[in-house]
Structure formats: structure tokens, C-alpha cells
Amino acid sequence: MSGEQIRLAVVGLGYVGLPLAVAFGSRRAVIGFDINETRVRELKNGHDLTGEVSSGDLAASQGLHCTSQVEDLRACNCFIIAVPTPVDHHKKPDLSALLSASKTVAEVLKQGDLVIYESTVYPGCTEEDCVPVLERHSGLTYNQDFFCGYSPERINPGDHERPLSSIVKVTSGSTPEAADRVDALYREVIAAGTHKAESIRVAEAAKVIENSQRDLNIAFINEVALIMNRMNIDTEAVLRAAGTKWNFMRLQPGLVGGHCIGVDPYYLIHKAGALGYRPELMLAGRRMNEYMGTHVVSQLTAALDTRGISVHSSRVLVMGLAFKENCADQRNTRVADVVHGLRSRGCAVEVYDPWLSPTGMHGQHDHGIVPIKTPMEGTYDAIILAVAHRQFKQMGSAGIRRLGKKDALIYDLKYILQPDEADLRL
């Protein structure tokens, strides 16, 4: 199958699938498929509510046709599956969307077709979990009638300085020929180039350790922050000093959420457990990072007590709910831990995030937290700067303090303010 013969479909038009479909749609005809009819309708109207793709880029992607009709996939012979792979309440991999998408593709799969997965999984998942679904529902045989590839997503929500085309793409295939086809396809839209891995399992493993490594590094910095807090030493000052060494990795302490760093380690932990190995270091890193919300709540309530402010009658403003700055993505946001923790202690908590709609579009409020439209000045006993949105930086110390009462506590989790402008920092 040459590049000219490929009839492409991207299954899943979320944070990962849509930028990919738009990129391909600027070069070739591509079907963008999503089961969410509302999402498809909005995209046809030229609007991406995630904010990842502009209306101009949507309009420029003239080859893209968005649909929620499975029959529209039947004419395609190459399918890229980019659907969420979260964890459940027990921190176990939730493959329901991935397996459902595999079943949908299987229903239109034909001789010679190619199925490529982008969703983050554990090593072996594509061939051990997804391929059997493809075979069972298509009646075809793997690596005889159809072929597979794996090219892990590296989308960074909210980061418009590193678009899809500028990030090196790892590719792989179920046979050498399939690997070449996958690699050639992605080279059409990835200006930074590709890295063809030796196998699908290698590509899967590479993806899952990228974010697991970052999770561990942040866990170390978070633990350092806890120790520095007890010694009354400014953590940021310590990190600045250590950062003068050429090989020191500069990270900041904080709440580790999102669809990748706070989730991906559990996929590798799950696979390791299935093999009879308990990955102690990774588990310890996860425990540390998941504890940070509790630490923030304890620090703030202790500071309120010290000032003689009753925790039960206090009003707290949390600025930011998205899992990271300058985006509307609040999947797995750990800011929710802080909000629920404070509310469980009797605090009246309001959440303000200019990037999120109070109407809760696209399941934004899965945590049961609905942000307010505008905070009232002079209202709050404490203000937590939880996300470093540019709007908050532009407000400056004076603008933020105006939202609080005269002696309001300012807890700067993101080092937005200068050290002498905040009352508490990690």
C-alpha cells in the first residue's frame, strides 16, 4: 500500500486524535471519526472546545471530514486509533474505550488493511488485547489478512510552541513491511522526523516509561519540598542554587495530574504485577505525588489556625482547576484533591479558572467541582494559586491580593509570585 493508496481514518477526535486528523487533512483526504455526535457537530461548525486546534487550522484542513457514522469508515484501509486509556478507581488500566474502538474498526476491516494505535498502553497490549478483538470481530487473521502498528502520542495539551509536527514520532509495525508503511505515513506530517522502533512492544514500552520517569523525578522534588518546609528553607531558592550545576535536572514541586504523568505509571505497574514483580520505586513515587494534595490542605489549615481564623468558617479561593497552565484540560487534575480536602474540613471553597466553562462542557466537571464565573474582591480568607495560567500571572500580587480580605493568606503552589509576596509556598 503506497502513500497514494492510503485511505485514512482517525478514530477518536480528542486532544490527541484531532490535531493528528487536522495535520493529515491538510495534505490528504481523511475521515475523522468520533462516537460523540455533539463533538462532531462542533468540529463541523469549525470550533474545537478543547482549544487545541484553532478555527483557522480546522478550516485549512480541507481534506478532513468529521463523522459519527461507522459506515463512513468502510471506505478506509488505514485506521489510526487515538482514544483515552485512563485508570479506574482501583488504579487499574481501563481499556474499555480502546477495545470498543478496536471492535468498531474490526467491523469495517478488510484484507490488507492497517490499524495503528496511538493510545498509551503497557507493553504487549496492542498484540495481546487489541489484536484478538480485531480478529474476533472481523474474521481476519493478524499479519496475514491485516497488519498493525503502534506510534505513541506525544501531544502536550496547551503547548502551542511544540505542535505535533515539531515532536519526533516513534513508529513501529507488526512486520518489517508494516513498520515501513507506518513510518512513511507519519513522515508526511512530522517535520521533526521519526524513530522506527524495533517492535510494537518496544514502542509501547518507550511511551510508558517517558512519563513514568518524569513522575519519579517530580516525586523526588516533592519529597525535597516536604523536607525543606520542615526546615523553613525556601524550596525554590534551593532549586535555583542546585540548578547552577550543568547536569542538575530542574523541576518544580507540585500537584501531578493530567492524562499522562499521573496515569501512565499505573500501566507499567499493572504489567509488572502480572509478571510477578512489584515495582517499589514507581509505587513510592506515585504515593508521594498523590499525597501532595493532602499536604497542601494540612499546610493551609495549620496557617489559618495560627492566624486565629476558624477553618470551619473560612472562605477559600482556589485559582485554577485544569491540570496544567493555559489549557482547558482537567483530566485527573489533582487540584480536586485540595478542593475536596478543604471542603471536608469545613472550608467554603470556590474555584476560579478562566479556561473552564461553568456550564461543564465535555464532561469538564467530573470531579463535582463547578468553577465560578468571577471571584468577588475582598471576600476570601485564603487564596491558593494552584495553576500558573497566564491570566493569573498578569494579575500580579496586588491584583490577587485584592480578591482576599485585608490579611488573607496567599498560598503560591506554582511560584507565580516573588517569595516575599506569598505567605505559603511548597
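The magnitude of the dipole of the range 321-426, with charges of +1 and -1 set on the Cβ of Lys/Arg and Asp/Glu and taken from the Cα centre, is near 80 debye.
In the chain, the calculated helix contribution to ellipticity at 222 nm averages -11500 deg cm²/dmol per residue, counting -39,500 (n - 2.57) for every DSSP H run with n ≥ 4.
According to the calculation over all Cα-Cα pairs in the range 106-152, the P(r) per 10 Å bin from zero is 27, 58, 14 %. Between the helical axis of 390-401 and the longest alpha-carbon principal axis of the chain there is an angle of about 10 degrees. Computed over neighbours whose Cβ is under 14 Å from that of residue 326, the net charge equals -1, Lys and Arg +1, Asp and Glu -1. Rounded to the nearest 5, the antiparallel percentage of DSSP beta bridges internal to the chain is 5%. With the simple model of a label 7 Å out from the Cα in the direction of the Cβ, residue 232 to residue 312 spans 3.1 nm.
Determine, from the Cβ-Cβ distance of residue 44 and residue 345 and an R0 of 56 Å, the FRET efficiency 1/(1 + (r/R0)^6), rounded to the nearest 0.05. Display every interim value, and only then the final one.
On the way: r = 46 Å, r/R0 = 0.83.
For residue 44 and residue 345, the calculated efficiency is 0.75.
One Cα centroid belongs to the range 412-426, the other to the range 189-224; the line between them spans 31 Å. The Kirkwood hydrodynamic radius of the range 12-160, based on inverse pair distances between different Cα atoms, is 15.9 Å. Here the range 154-269 is treated as an ellipsoid with the same Cα gyration tensor; its semi-axes, largest first and in whole Å, are 36, 16, 12. Sparsely packed loop sites in the range 1-56 (the trypsin sites (Lys or Arg not before Pro) outside DSSP H, G, I, E and B with at most 15 other Cβ atoms within 10 Å) comprise 27.
Please compute the alpha carbon radius of gyration of the range 148-212, then divide it by the globular-protein estimate 2.2 N^0.38 Å. Two decimals is fine.
This ratio for the range 148-212 stands at 1.09.
The distance from the alpha carbon centre of the range 239-287 to that of the range 23-78 is 35 Å, rounded to a whole number. Against the chain, whose longest principal axis is taken from its Cα atoms, helix 335-344 shows a tilt of about 50°.
What is the magnitude of the charge dipole of the chain about its Cα centre, with +1 placed on the Cβ of each Lys and Arg, -1 on the Cβ of each Asp and Glu, and no other charges, expressed in debye to the nearest 20?
Numbers: 45 positive and 50 negative charges, 179 e Å.
Dipole of the chain, to the nearest 20 debye: 860 debye.
Could you work out Rg/(2.2 N^0.38 Å) for the chain, with Rg from alpha carbons only? Don't skip to the answer; put the middle values down first.
Working: Rg = 23.3 Å, N = 426, 2.2 N^0.38 = 22.0 Å.
Compared with the compact-globule rule of thumb, the chain sits at 1.06.
Listed values for the range 194-203 are Karplus-derived 3J(HN,Hα) couplings in whole Hz (6.51 cos²θ - 1.76 cosθ + 1.60, θ = phi - 60°), namely 10, 10, 7, 6, 5, 7, 4, 5, 5, 5, and x replaces Gly and Pro.
Based on the mean of other beta carbon atoms within 10 Å per residue, what is the order of 180-186, 403-409, 9-15, most packed first? Intermediate results must be reported in sequence, preceding the final value.
Working: 180-186: 20.7, 403-409: 16.7, 9-15: 26.1.
Highest-to-lowest ranking by the protection proxy: 9-15, 180-186, 403-409.
Scaled to the globular estimate 2.2 N^0.38 Å, the Cα spread of the range 307-426, given as radius of gyration, is 0.99.
Using r as the Cβ-Cβ distance of residue 280 and residue 129, and R0 as 35 Å, what FRET efficiency do you calculate, to the nearest 0.05? All intermediate terms of the calculation are to be shown ahead of the outcome.
Details: r = 26 Å, r/R0 = 0.74.
The formula returns an efficiency of 0.85 here.
Derived scalar couplings between HN and Hα for the range 108-115 equal 10, 6, 10, 4, x, 5, 10, 10 Hz in order, rounded to whole Hz, by the Karplus curve 6.51 cos²θ - 1.76 cosθ + 1.60 (θ = phi - 60°), x for Gly and Pro. Packing order of peptides 62-69, 318-325, 289-296, highest average first: 318-325, 289-296, 62-69 (average count of other Cβ atoms within 10 Å over each peptide's residues).
Listed values for the range 207-222 are Karplus-derived 3J(HN,Hα) couplings in whole Hz (6.51 cos²θ - 1.76 cosθ + 1.60, θ = phi - 60°), namely 5, 6, 7, 4, 7, 5, 4, 5, 4, 5, 5, 5, 4, 4, 5, 4, and x replaces Gly and Pro. Per residue, the accessible area of the chain comes to 44 Å² when a 1.4 Å probe rolls over the protein heavy atoms. By definition, a body whose alpha carbon gyration tensor gives a ≥ b ≥ c is oblate when a/c is 1.5 or more and a/b is not larger than b/c, and the range 255-331 fits this oblate description. Taking every DSSP beta bridge that has both ends in the range 1-116, the antiparallel portion is near 5%.
Going by the alpha-carbon gyration tensor, a ≥ b ≥ c the square roots of its eigenvalues, is the range 1-53 rounded (a/c under 1.5) or, if a/c is not under 1.5, prolate (a/b greater than b/c) versus oblate? Intermediate results must be reported in sequence, preceding the final value.
On the way: a/c = 2.33, a/b = 1.92, b/c = 1.21.
Prolate shape, in that a/c is at least 1.5 and a/b is the bigger ratio.
Helix 96-106 axis versus longest C-alpha principal axis of the chain: approximately 20°, rounded to the nearest ten.
Each principal axis of the Cα atoms in the range 39-107 has its own extent, and those three values, largest first, are 41, 30, 17 angstrom.
The distance between label points at residue 184 and residue 376 comes to 6.6 nm (points 7 Å beyond Cα on the Cα→Cβ vector).
The values are calculated or read from the model by the stated rules, or taken from the named source; none is laboratory data. None of these values were measured; they are calculated from a predicted model. Cβ: placed from backbone, ideal geometry, glycine included. Neighbour counts: every protein chain shown. Areas reflect the complete protein model, heavy atoms only, side chains present, ligands, DNA and RNA absent. Shrake-Rupley method; radii C 1.70, N 1.55, O 1.52, S 1.80 Å.
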